[in-house]
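The numbers here are math on the coordinates, done by the rules we state, and not lab data. For clarity, every value in this text was computed on a predicted model and none was experimentally measured. When we count neighbours, we look across all protein chains shown, and the Cβ atoms used for this are built from the backbone with ideal geometry, even at glycine.
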Amino acid sequence: MRRTPTQVALVTATALALVACGGGGDDKDSEAPSAPTGFSVQAGSALSAHVMWEAAKDNVAVSGYVVYRGKDKIKDVPAEKLMIDITGLKPSTAYSFSVRAKDAAGNLSPHSQRKPVTTPAVTPEDKKAPARPVKLRGKHRGSKGAELTWSAPDKDQGITSYDILQGGSKIHSVGGDATRAEVGGLRPGTDYSFTLQARDAADNTSPASEPLKISTPKGPGDDPDTAPISFKVARHKNVKEGAYYLDLSWLPPKVDGEVPSYEIHLNGNLTTTLVWGNKPPEGRTTESVFAGKKPGVSYKVKIRAKLPDGEWGSFSPELTMVTGEAKP
C-alpha cells in the first residue's frame with residue numbers, strides 16, 4: 001500500500017517526489033490494546049494539569065491514545081507521545097483523568113487507572129515568574145534511565161510544578177515540593193542534556209536552569225546502533241520530465257517506539273526532512289528524490305532517523321549512485 005506523508009519540510013531548494021510505502025490498519029483486527037499503565041497526573045498550575053502514562057501493547061500496533069476528563073473525551077494523542085498538558089482548567093477545582101489506547105482498526109482499550117487532581121488557587125494579578133532553578137545535578141540509572149536532583153528555592157515562590165526538558169522538549173513534570181525526578185526511556189550509550197523550569201499557579205514559568213549533561217552507558221546486551229536498516233539506493237528516469245530520480249528504501253531502526261521523521265543527506269548536505277503527520281508506515285519505506293536532468297552525476301546518499309526520545313540516531317551507510325539512462 002502506498003502512502004504519502006502529510007507533511008514534508010524542504011530544507012533546501014532540492015525538489016522531492018514523495019511516495020512513501022507502508023502498511024495500514026487491519027480491518028479484521030478485533031483485539032483491543034492493553035490498558036495503559038503507569039498513569040499519573042500533576043497540577044501544572046491553577047489552569048493546567050500534566051498527565052503521563054506508559055506505552056500500551058497491541059497485537060498489531062497502537063495508533064494513538066485518548067485522554068478523558070471524568071467520562072468526557074478531551075484529547076487525541078499520537079502513539080509516539082506518552083504525555084500531554086491539559087489546559088483551560090479552573091483554579092481550586094477537583095478533576096479526574098484517565099487514558100485509553102486505540103489501534104488502527106478503532107479498537108479501544110480499557111481505561112487506565114483514574115487519577116484525581118485538584119488545581120491550586122491563583123492570584124489574578126500574579127505576573128512574576130519563579131526564580132531560575134539552581135544546582136541541577138544528576139546521574140544515569142543503568143543504561144536507560146537517569147536521576148535528577150535540584151535545590152529547593154530559598155523562599156516560598158508559589159511553585160506548583162517543575163518541568164523537565166531534554167534537548168529543549170518537555171519530557172516530564174513533578175510537583176512543586178519535589179527536589180528529584182527519575183527519567184526513563186533513554187537509550188544506552190547516548191549523551192543527553194537536561195534543563196529544569198519552575199512554574200507557579202498563575203502559569204508563570206521561570207527561565208531554564210543551566211543544562212545538565214548525562215551519558216548513559218552501554219549495558220549488557222544493549223545495541224546502541226540506531227541507524228536505519230537495509231538502506232538501498234536505486235535510480236530511474238522520468239521520460240516525460242526528462243529528469244532523474246534517486247529511489248531510496250529502508251527499514252526503520254530497531255528502537256522502542258515509532259520513528260516520526262527522517263533526514264536525507266546528499267553529498268554530505270541535509271537535503272530533506274521527511275515527517276509523517278500521522279502514523280508512520282510499517283515495514284520498508286521508499287522515497288524518490290529529484291536528482292536533476294543531467295546524466296552521469298554522482299550522488300552520495302545517507303539517511304538518519306529521529307528517535308522516539310527526540311534524539312537523532314546514527315547515519316545509515318553512505319551509498320553512491322550515478323544518474324544515467326536507467327529504465328523509467
Once normalised by the length of the range 226-291, the mean sequence separation of its alpha carbon contacts under 8 Å that are 6 or more apart gives a contact order in percent of 34
Treating every alpha carbon of the chain as one equal point scatterer without solvent, the Debye formula yields log10 I(q)/I(0) values at q = 0.10, 0.13 Å⁻¹ of -0.72, -1.06
So, relative contact order of the range 40-118 in percent, Cα under 8 Å, 6 or more apart, is 34
Ordered by fewest other Cβ atoms within 10 Å, a rough proxy for footprinting exposure, Asp247, Asp200, Asp154 read Asp154, Asp247, Asp200
Mean separation of Cα contacts under 8 Å (at least 6 apart) over the residue count of the chain, i.e. the relative contact order in percent, is 19
Cross-link reach from Lys57 to aspartates and glutamates, straight Cα distance under 19 Å and at least 8 residues apart if same chain, gives Asp26, Asp27, Asp29, Glu31, Asp76, Glu80, Asp103, Asp256, Glu258, Glu282, Asp309
Lys pairs in the range 137-215 with Cα under 23 Å (8 or more apart in sequence, or on separate chains) total 5
Checked against a 31 Å limit on the C-alpha separation, the offending pairs among Lys75/Lys218; Lys75/Lys135; Lys102/Lys218; Lys232/Lys279 are Lys75/Lys218; Lys75/Lys135; Lys102/Lys218
Highest mean packing first, using Cβ neighbours within 10 angstrom, the peptides 267-276, 291-300 sort as 267-276, 291-300
Excluding residues fewer than 8 positions from Lys237 in its own chain, the lysines with Cα under 27 Å of it are Lys293, Lys294, Lys300, Lys302, Lys327
Footprinting proxy, Thr195, Thr320: sorted fewest to most Cβ within 10 Å, the residues are Thr320, Thr195
